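Data block below; observations after.
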Amino acid sequence: MNMNYGCAGLGLIAAGLAMPASAMSEAEFQQMAAGIFAPVIAEHDIPGLAVGITWRGQDYVYTAGMADRAVAVPVTAETLFELGSISKTFNVTLAALAAQEGRLSLADPVAAHLPDLKGSAIGSVSLMDLATHQTGGLPLQVPDEAGDDGTLMRWLQDWQPVPGQGERSYSNVSIGLLGRIAARAFGEPYSEALRAHLLQPLRLDSTHVDVPEAEMRRYAWGYSRRDDSAIRVNPGMLDDEAYGLKSDLQDMLRFLRINLGDTDVPPKLREAVAQTHAGRTGTQHFQQAMIWERYPWPVSRDQLLAGNAAEMVMESQPATRLDQPDLSDQAVLFSKTGSTNGFGGYVAFIPDEDLGLVILANRNIPNPARVDAGLALIEAVLETGQRNQP
């Protein structure tokens with residue numbers, strides 16, 4: 001299915017874009033980032049942090065602390081962090097590309113691509129429902145008893161929606177299945193399909209499912225909130241598809257520039273990125289797109305924090321399908337958090353402001369702390385731009 005969403009959002013030219021990038025100096029950015037994040041680092045004992053802003057064609061980078069405390073390796077813009085569920089935004093982009101190339105339709109039921117699930121409840125769920133968590137009760141994690149593909153398929157055959165649960169169930173299972181199906185559409189394992197059809201064409205050369213041996217020196221250690229031990233993500237079912245990517249600040253800023261439409265990419269990939277932005281369902285706090293969460297811009301701190309509260313991940317929530325996809329990127333903040341046991345991140349972008357934000361930490365700090373600090377930095381950057389405008 002070749003759904004053409006126009007790319008109006010990707011081609012947006014924000015009002016006032018003619019303001020020179022020098023409207024914010026590097027020294028101003030360093031001062032505001034340090035002022036906002038130093039208290040967060042202290043409160044949560046964050047070993048290392050990398051924060052980036054891309055704004056009107058210029059990138060700003062702030063780093064602090066250690067990627068490896070044991071040997072005192074400092075964090076830089078090239079340090080590799082685990083992305084956790086931010087990985088899901090790449091997963092849905094691959095699925096949208098498969099749709100652009102006619103390899104699948106996002107309206108297809110799961111069973112059309114996984115015949116073992118024909119006749120099951122999950123088999124009748126659409127691929128778009130997987131991409132928007134609209135499954136009515138799939139659990140957050142793959143159950144312990146589903147330790148390999150065979151037991152996973154048997155568990156899925158028996159699964160039933162939970163009566164009385166909200167329609168939206170944030171789930172590694174649903175997005176993991178979507179990644180598997182998209183990769184099959186390309187005829188390759190997920191990690192290879194993602195690299196060949198998405199990461200390489202987008203020139204995201206420092207983004208990996210499996211970190212190459214030559215790059216391991218750049219891979220930060222995460223630090224457990226429980227006992228401060230040095231840890232990295234453990235293998236698990238559907239881990240590559242749901243939370244398995246590692247990347248650095250430079251690649252993530254480029255990824256946001258691609259989503260903002262500031263970087264030339266192949267046309268089908270441009271359309272696929274745009275497709276992931278379209279609002280599909282309405283929740284209490286935001287519109288759900290393909291993994292991306294859409295908030296009105298400007299957004300209140302209370303609304304953004306409520307949308308990133310633990311219950312939005314841990315509990316099923318009401319969500320109503322929109323009559324038509326919301327294709328506009330205007331007056332929207334796109335947002336996604338991601339965590340593993342040792343890492344925590346947050347990304348956001350605002351097309352109207354031509355601004356993107358990346359926060360990467362090697363501590364799984366609470367979502368509200370990341371989101372609150374991120375919004376504070378966005379607001380400070382925009383206020384600085386207004387103050388410095390001729």
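Just a few scattered comments:
- Among the residues of segment 197-230, those that are assigned to a helix (DSSP H, G or I) and within 18 Å of residue 242 (Cα to Cα) comprise 197, 198, 199.
- Residue within segment 2-20 that is more than 21 Å from the chain's Cα centre (by Cα), at pLDDT 95 or above and part of a loop (DSSP other than H, G, I, E, B) present: no
- Only listed residue being more than 19 Å from residue 283 (Cβ to Cβ), in contact with a Phe, Trp or Tyr (Cβ under 8 Å, 6 or more places away or on another chain) and not aliphatic (A, V, I, L, M), chosen from 191, 124, 105, 120: 120
- Candidates in segment 199-221 are the residues that are among the polar types (S, T, N, Q) and touching a residue at least 12 places away in the same chain (Cβ under 8 Å); of these, the one that is surrounded by the most Cβ atoms within 10 Å (Cβ to Cβ) is 207.
- Helices (runs of 4 or more DSSP H) (entirely within segment 64-174) containing at least 3 residues that are under 21 Å from residue 232 (Cα atoms): 87-100
- Here residue 385 passes the criteria (1) surrounded by fewer than 16 Cβ atoms within 10 Å (Cβ to Cβ); (2) more than 18 Å from the chain's Cα centre (by Cα); (3) touching a residue at least 60 places away in the same chain (Cβ under 8 Å) except the one numbered (1).
- Restricting attention to segment 347-371, the residues that are farther than 20 Å from residue 81 by Cβ, assigned to a helix (DSSP H, G or I) and among the charged types (D, E, K, R) total 2.
- Residues considered: 59, 68, 45. Of these, the only one that is over 30 Å from residue 384 (Cα atoms), at pLDDT 95 or above and among the acidic types (Asp, Glu) is 68.
- Residue check for residue 284: in a loop (DSSP other than H, G, I, E, B), closer than 21 Å to residue 171 by Cβ, touching a residue at least 24 places away in the same chain (Cβ under 8 Å) and over 18 Å from the mean Cα position of the chain (by Cα): yes
- Any hit, segment 236-247, residues being loosely packed, with under 15 Cβ neighbours inside 10 Å, at pLDDT 95 or above and not in a helix (DSSP H, G or I): no
- Within segment 264-280, the set of residues being buried (at least 21 other Cβ atoms within 10 Å of the Cβ) and outside any helix (DSSP H, G or I) comprises 278, 279, 280.
- The residues listed here are 137, 102, 123, 119; of these, the one that is touching a Ser or Thr at 6+ places or on another chain (Cβ under 6 Å) and under 30 Å from residue 188 (Cα atoms) is 137.
- Residue check, residue 310 of a type in the set (A, V, I, L, M) and under 23 Å from residue 52 (Cβ atoms): no
- Note on segment 310-326: residues that are in a loop (DSSP other than H, G, I, E, B) and loosely packed, with under 15 Cβ neighbours inside 10 Å total 3.
- Residue in segment 150-173 that is closer than 27 Å to residue 103 by Cβ, free of Cβ contacts under 8 Å to residues at least 40 places away in the same chain, surrounded by fewer than 22 Cβ atoms within 10 Å (Cβ to Cβ) and of a type in the set (Val, Ile, Thr) present: no
- For residue 75: the one exception among (1) farther than 15 Å from residue 30 by Cβ; (2) in contact with a strand residue (DSSP E or B) (Cβ under 9 Å, 6 or more places away or on another chain): (1)
The values are calculated or read from the model by the stated rules, or taken from the named source; none is laboratory data. Please read all numbers here as calculations on a predicted model, not as lab measurements. Note: ideal-geometry Cβ built from the backbone for every residue, glycine included; neighbour counts use all protein chains shown.
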